[in-house]
Amino acid sequence: MKLIHTENWNRKEHYDFFSKMANPYFGIVTEVDCTKAYSKAKENAYSFFAYYLHKSMMAVNSVTELRYRIVHQNIVEFPVVNAGATIARKDGTFGFIFVNFTEDFFKFNEQLQDEIKSVHNSTGLRLNDDDVKKDLIRHSTIPWTSFTGLLHPTNFDPTESVPKITFGKFNIRDQKKYLPVSIEAHHGLVDGFHLAQYLEEFQRQLNQ
């Protein structure tokens, strides 16, 4: 990881300003057109969840600011961030998973399916050292319903710097499928411009 020297950092004043707040997180809720991605996943017998999660990770890693983290009071940039996610069980509970990022969808999906099996064969949250890592993005999916707003639990820790992305059940309008997306990040590290960059690249990835 790369240490950001904040003395000459163009975000120093932004970081100092927002870090003084009890909750420096901000976010937006929107949707992306997943019509082509859904069709491709189904045509190739891929898990749609696995497919769009990988596309999200491709987009996340394309935005430098989404790889910034606060580590021991320092600002660092990770060269790559990985995928954390929640996986539902049949009993209504869920467990956490961690998947190392690779641009190779098949390798990514292989890891993901192993993690999903581990959740289904376990109980509880599956808390481990992966859950305290900084080099990840926390993903959640609410596949049972769509949404136009979302509220995350928080401990109001201004040093918490891992962004959160949540997906919902897609809507169908005018014969197109739209996937709800919520994304939150520490405003000292990330602005709306950077969230827009993520969403633009995510849409591009879904359209490929």
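Just wondering, is there one or more residues in the range 167-186 that are open to solvent by less than 60 Å² (accessible area, probe 1.4 Å), free of Cβ contacts under 8 Å to residues at least 60 places away in the same chain and either farther than 19 Å from I70 by Cα or hydroxyl-bearing (S, T, Y) (or both)? Working first, answer last.
In the first step, residues of the range 167-186 are kept if they are open to solvent by less than 60 Å² (accessible area, probe 1.4 Å); the result is 167-168, 170-171, 177-186.
Next, only the ones that are free of Cβ contacts under 8 Å to residues at least 60 places away in the same chain stay: 168.
Now drop any that are not either farther than 19 Å from I70 by Cα or hydroxyl-bearing (S, T, Y) (or both), which leaves 168.
Yes, the conditions are met somewhere in the range 167-186.
Residues checked against (1) hydrophobic (A, V, I, L, M, F, W, C); (2) closer than 24 Å to K40 by Cβ:
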| site | (1), (2) |
| --- | --- |
| D157 | no, no |
| Y178 | no, yes |
| H186 | no, no |
| V190 | yes, no |
| H194 | no, no |
| Q203 | no, yes |
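Residues of the range 105-133 being open to solvent by 60 Å² or more (accessible area, probe 1.4 Å) and either of a type in the set (D, E, K, R) or in a loop (DSSP other than H, G, I, E, B) (or both), which ones?
Selection gives K107, E110, D114, K117, N121, T123, L125, L127, N128, D129, K133.
Go over the candidates F156, F98 one by one and state the one that is farther than 23 Å from F48 by Cβ and either of a type outside the set (S, T, Y) or in contact with a strand residue (DSSP E or B) (Cβ under 8 Å, 6 or more places away or on another chain) (or both). Give the steps one after another, and end with the answer.
On the way: F98 fails: farther than 23 Å from F48 by Cβ.
Selected residue: F156, the only one of F156, F98 that is farther than 23 Å from F48 by Cβ and either of a type outside the set (S, T, Y) or in contact with a strand residue (DSSP E or B) (Cβ under 8 Å, 6 or more places away or on another chain) (or both).
Just to be sure I understand, how many residues within the range 140-163 are free of Cβ contacts under 8 Å to residues at least 40 places away in the same chain and over 17 Å from the mean Cα position of the chain (by Cα)?
Number of matching residues: 5.
For the range 135-165, what are the residues that are open to solvent by 60 Å² or more (accessible area, probe 1.4 Å), in a loop (DSSP other than H, G, I, E, B) and not aromatic (F, W, Y)? Lay out the reasoning, then the answer.
Step one: of the range 135-165, the residues open to solvent by 60 Å² or more (accessible area, probe 1.4 Å) are 138, 143-145, 148, 151, 153-156.
Next, from what is left, pick out any that are in a loop (DSSP other than H, G, I, E, B): 143-145, 148, 151, 153-156.
P143, T145, T148, L151, P153, T154, N155, listed by residue number.
If you scan the range 22-35, which residues turn out to be out of contact with any strand residue (DSSP E or B) (no Cβ under 9 Å at 6 or more places or on another chain) and surrounded by 14 or more Cβ atoms within 10 Å (Cβ to Cβ)? Break it down stepwise before answering.
Taking the range 22-35 first, the residues out of contact with any strand residue (DSSP E or B) (no Cβ under 9 Å at 6 or more places or on another chain) are 22-23.
Hit for the range 22-35 is N23, nothing else.
The values are calculated or read from the model by the stated rules, or taken from the named source; none is laboratory data. Here the structure is a predicted model, which is why all the values come from computation and not from measurement. Cβ atoms come from the backbone with ideal geometry, glycine included; neighbour counts cover every protein chain shown. The protein model used for the area step is the full one, side chains on, heavy atoms only, and it has no ligands, DNA or RNA in it. Shrake-Rupley method; radii C 1.70, N 1.55, O 1.52, S 1.80 Å.
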